[in-house]
Amino acid sequence: MRQLLHYERNLPHRLPPGADLFLTFRLADSLPSSVVARLQNQFRSSEADSAELTYAQQRRYFGRFDALLDGAAHGPVWLREPAVAELVAASLRHFHGKAYHLICFCIMPNHVHAVVSLAEDAPLLADTLQRLKGYTALQANKLLNRTGQFWQRETYDHIVRSGEEMQRVVAYVVNNPVKACLVESWEQWPYTYWPEALD
């Protein structure tokens, strides 16, 4: 059986069963390739300084990456289209209870954040993400009357290691539209999902 628990493309990916994960995936060409290359070089050079990339280094890398996405100054913003955003939201919810426990998500104009918890016997998350992104790309392209690559192939993932970190990550996800100056409070953003807030 093919095991994609750890693999590397431009970034290292660790997707162990039983883990809580913070995921970010973005639209194709939502950042200039020169900017992505510069960020990846910074990531690799900091990684070379230690055997394991520290949490602080990873946060700095992701903070720069996400701030550029929030600005939406380059590339497509197809997730602003209500029908496309609803499609992605429905697909994220579709895998809840089947491939992961969905803790929260936020669909921004050019990227998606999600926090999921994997059971020990969960299907491989890499396969789930491939299915989710493949289906939504096909359907979104139909809605937009276009062809071509919809999602950037790589997904950013980070293992959430503690309850305190989980609180920070969830707050980051649901407040992303506020930080990007799209709304004044997270509840105003129509494409945020956080059922625990309703309990």
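The values are calculated or read from the model by the stated rules, or taken from the named source; none is laboratory data. Just so you know, these numbers come straight off a predicted model, no measurement behind them. As a convention, Cβ positions derive from the backbone with ideal geometry for all residues, glycine included, and neighbour counts pool all protein chains shown.
Out of the residues in region 124-151 that are of a type in the set (Gly, Ala, Ser) and part of a helix (DSSP H, G or I), state the one that is surrounded by the most Cβ atoms within 10 Å (Cβ to Cβ). Talk me through it step by step, then tell me what you get.
Filtering region 124-151 down to residues of a type in the set (Gly, Ala, Ser) leaves 126, 134, 137, 140, 148.
Now drop any that are not part of a helix (DSSP H, G or I), which leaves 126, 134, 137, 140.
On the way: ALA126: 18, GLY134: 12, ALA137: 17, ALA140: 22.
Filtering first and then ranking leaves ALA140.
Kindly list, by first and then second residue, each pair from a residue in region 121-148 that is in contact (Cβ under 8 Å) with a residue 60 or more places away in the chain to a residue that is small (Gly, Ala, Ser) and surrounded by 13 or more Cβ atoms within 10 Å (Cβ to Cβ), limited to pairs with Cβ atoms under 8 Å and residues at least 6 apart or on different chains.
ALA122/ALA99; LEU125/ALA99; GLY148/ALA28
Looking for whichever is of a type in the set (D, E, K, R) and under 16 Å from GLU196 (Cβ atoms) here; the options are ARG80, ARG93, ARG131. Which one fits?
ARG93
Go through (1) outside any loop (DSSP other than H, G, I, E, B); (2) touching a Phe, Trp or Tyr at 6+ places or on another chain (Cβ under 9 Å); (3) within 28 Å of PRO16 (Cα to Cα); (4) touching a residue at least 60 places away in the same chain (Cβ under 8 Å) and name the single condition GLU154 misses.
Just one mismatch for GLU154, condition (1).
Filter region 50-103 for residues that are acidic (Asp, Glu), assigned to a helix (DSSP H, G or I) and closer than 22 Å to GLU154 by Cβ; which is modelled with the highest pLDDT?
Residues of region 50-103 acidic (Asp, Glu): 52, 66, 70, 81, 86.
From what is left, the residues that are assigned to a helix (DSSP H, G or I) are 66, 70, 86.
Narrowing the set further to residues that are closer than 22 Å to GLU154 by Cβ leaves 66, 70.
On the way: ASP66: 71, ASP70: 75.
Top of the filtered list is ASP70.
Within region 124-168, which residues are of a type in the set (Val, Ile, Thr) and over 17 Å from VAL88 (Cα atoms)?
Within region 124-168, THR147, ILE159, VAL160 meet the criteria.
Taking region 103-123, which residues are touching a helix residue (DSSP H, G or I) at 6+ places or on another chain (Cβ under 6 Å) and either surrounded by fewer than 20 Cβ atoms within 10 Å (Cβ to Cβ) or of a type in the set (D, E, K, R) (or both)?
none
Being in a helix (DSSP H, G or I) and surrounded by 14 or more Cβ atoms within 10 Å (Cβ to Cβ) is the filter; apply it to region 157-167 and report the residue that is farthest from the chain's Cα centre (by Cα).
Looking at residues that are in a helix (DSSP H, G or I) and surrounded by 14 or more Cβ atoms within 10 Å (Cβ to Cβ), I get GLU165.
If I go through region 168-199 residue by residue, how many of them are among the hydrophobic types (A, V, I, L, M, F, W, C) and not in a loop (DSSP other than H, G, I, E, B)? Step through it out loud before you land on a result.
Here is the first cut: in region 168-199, the residues among the hydrophobic types (A, V, I, L, M, F, W, C) are 169-171, 173-174, 178, 180-183, 186, 189, 194, 197-198.
Remaining after also requiring not in a loop (DSSP other than H, G, I, E, B): 169-171, 173-174, 178, 186, 197-198.
Within region 168-199, residues that are among the hydrophobic types (A, V, I, L, M, F, W, C) and not in a loop (DSSP other than H, G, I, E, B) number 9.
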